[in-house]
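> Handing you this structure, nothing more for now.
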Amino acid sequence: MTTASRLIIGITGASGAIYGIRLLQALRELPVESHVIISRSAEMTIGYETSYKLRDVQQLADEIYSFPDVGAAISSGSFRTDGMIIAPCSIRSMSEIATGVTSNLLTRAADVVLKERRKLVLMLRETPLHSGHLRNLLSLSEMGAIIAPPVPAFYHNPQTLDDVINQSVGRVLDIFDLESPLVSRWGERGPDGNPSSRRG
């Protein structure tokens, strides 16, 4: 397994703040430095959608950055990372990254990840998508970004919302070759010796 030493995590104001929170919780159990940017809208969404306080989420990070601070270390390609995950990713942030119009540290850091040919993963949260969204997503994919909407999997027979969230987060960590107990894998057995995934 290739172990990443640094990941940038962006949390935008799209619905699904729990994806970013669960991702940070998972990274606490792995040998990875998390460098985190939380947008102003995300601060509100965290309050609306979860029982977490902003400070609780910030304490999960190894480094936390101010959203407007476009001069922070992670705004430079010379600051080495293994890439960036935006979880959740709003349409506005996606569109800024696609067009190169970066008005804040989150989208600037994503632009840097792309130009340095590092992995950029967008957990896009929006549906349905119109043609403008799809054109921007195609542009990002052509630039090397990985578009990974948190589409629920059902082959592992999820019983709770946490099961659904964990599977999506675990599959995104797979993109960075980071092994997490969050993910249930098709055809593999769990700790109890029973198949962890089955068709049902």
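We did not get these values from a lab; they are worked out from the coordinates using the rules stated. Treat the numbers as computed from the prediction; the structure is a model and nothing was measured. A quick note on method: Cβ atoms are made from the backbone with ideal geometry, for glycine too, and the neighbour counts reach across all protein chains shown.
> Report whether or not Val164 is of a type outside the set (Phe, Trp, Tyr), in a helix (DSSP H, G or I), within 17 Å of Ile11 (Cβ to Cβ) and under 17 Å from the mean Cα position of the chain (by Cα).
No; evaluated as a whole, the condition is false for this residue.
> Here is a follow-up. Scan the helices (runs of 4 or more DSSP H) fully inside the range 1-92 and keep the ones with 3 or more residues being within 19 Å of Leu105 (Cβ to Cβ) and touching a Ser or Thr at 6+ places or on another chain (Cβ under 9 Å).
17-28, 40-49
> One residue is enough: does the range 86-97 have a residue meeting the conditions among the polar types (S, T, N, Q), more than 25 Å from Glu33 (Cβ to Cβ) and without any contact (Cβ under 8 Å) to a residue 12 or more places away in the chain?
Checked the range 86-97: no residue is among the polar types (S, T, N, Q), more than 25 Å from Glu33 (Cβ to Cβ) and without any contact (Cβ under 8 Å) to a residue 12 or more places away in the chain.
> Give me the pairs: first residue in the range 143-166 and under 28 Å from Ala110 (Cβ atoms), second residue part of a helix (DSSP H, G or I) and small (Gly, Ala, Ser), beta-carbon distance under 7 Å, and six or more apart or on different chains, which are they?
Once the first residue is under 28 Å from Ala110 (Cβ atoms) and sits in the range 143-166, its partners that are part of a helix (DSSP H, G or I) and small (Gly, Ala, Ser) give Ile147/Ser141; Pro150/Ser168.
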